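The values are calculated or read from the model by the stated rules, or taken from the named source; none is laboratory data. Not measured: the values here are computed from a predicted model. Neighbour counts are summed over all protein chains in view; Cβ atoms, including those assigned to glycine, are modelled from backbone coordinates with ideal geometry. Remember, those area values only see protein heavy atoms, side chains included, never the ligands or the DNA or RNA. Shrake-Rupley method; radii C 1.70, N 1.55, O 1.52, S 1.80 Å.
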Amino acid sequence: PQPVGEKPVVIGAKDWEGTWLHEDGALTMKVVDSEKGILKVAWVESKDNELEFESAEGYLRASGEWMFGNVKDKDDSGNVLYLWCRVKKDNGQVTIWFPDVEKFRDLVSKGKLPGKVEGDNVILSDLQPEAMKIITSSAEGLLFDWENPIILIRVLK
């Protein structure tokens, strides 16, 4: 129910704004609040042979040396939740890794991470520094899908 990461990442427009390509298309990023690490991301999707403009607000947060991307969503009851991933930014490239849901399900079920399992979803809660240490270390194994990252390459600034 809250973004993953302990503090906002301060971001600059020159590093984040522009058009980015990935294997399924392109998206455009615009910095909304550099001090709070807030981005607006927009893309075009094809639905039922129609093109639709889509956008989302993203929140970049850090824990130690790790950066996390968070996007606000809602569950079936209208409660705010965040979808999240690990993010690494290099010159002109952003790499995104998604959590391994099965591994997080196991850690929550065993009480090693705070949260609950609802059907196919794992909802983390109250991620204090101890929980973030589990997520950012290899103490409980590899918790992200390191083999299948999404790579964004900036093509226009």
Residues of region 84-117 that turn out to be without any contact (Cβ under 8 Å) to a residue 12 or more places away in the chain and part of a strand (DSSP E or B), as a count: 3
Selection from region 23-35 of residues that are closer than 20 Å to Asp73 by Cβ and either crowded, with 16+ Cβ neighbours inside 10 Å or touching a residue at least 24 places away in the same chain (Cβ under 8 Å) (or both): Leu27, Met29, Val32
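Are any of the residues in region 137-156 in a helix (DSSP H, G or I) and open to solvent by 50 Å² or more (accessible area, probe 1.4 Å)?
Within region 137-156, the first condition is being in a helix (DSSP H, G or I), and the residues that meet it are none.
There is no residue in region 137-156 that is in a helix (DSSP H, G or I) and open to solvent by 50 Å² or more (accessible area, probe 1.4 Å).
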Test set (1) loosely packed, with under 12 Cβ neighbours inside 10 Å; (2) within 30 Å of Thr19 (Cβ to Cβ) - Asp76 fails condition number: (2)
Check on Pro114, modelled with pLDDT of 95 or more and within 14 Å of Leu143 (Cα to Cα): no
Residues of region 1-33 satisfying the condition of being closer than 26 Å to Asp126 by Cβ and in a loop (DSSP other than H, G, I, E, B): Pro1, Gln2, Pro3, Val4, Gly5, Glu6, Val9, Val10, Ile11
Asp48 being over 20 Å from Asn121 (Cβ atoms) and at pLDDT below 95: yes
Count of residues meeting criterion [open to solvent by 60 Å² or more (accessible area, probe 1.4 Å) and small (Gly, Ala, Ser)] in region 90-110: 1
Flag if Val4 is in contact (Cβ under 8 Å) with a residue 12 or more places away in the chain and within 20 Å of Pro99 (Cβ to Cβ): yes
Filter result for Ala62 (modelled with pLDDT of 95 or more, open to solvent by less than 70 Å² (accessible area, probe 1.4 Å) and farther than 20 Å from His22 by Cα): yes
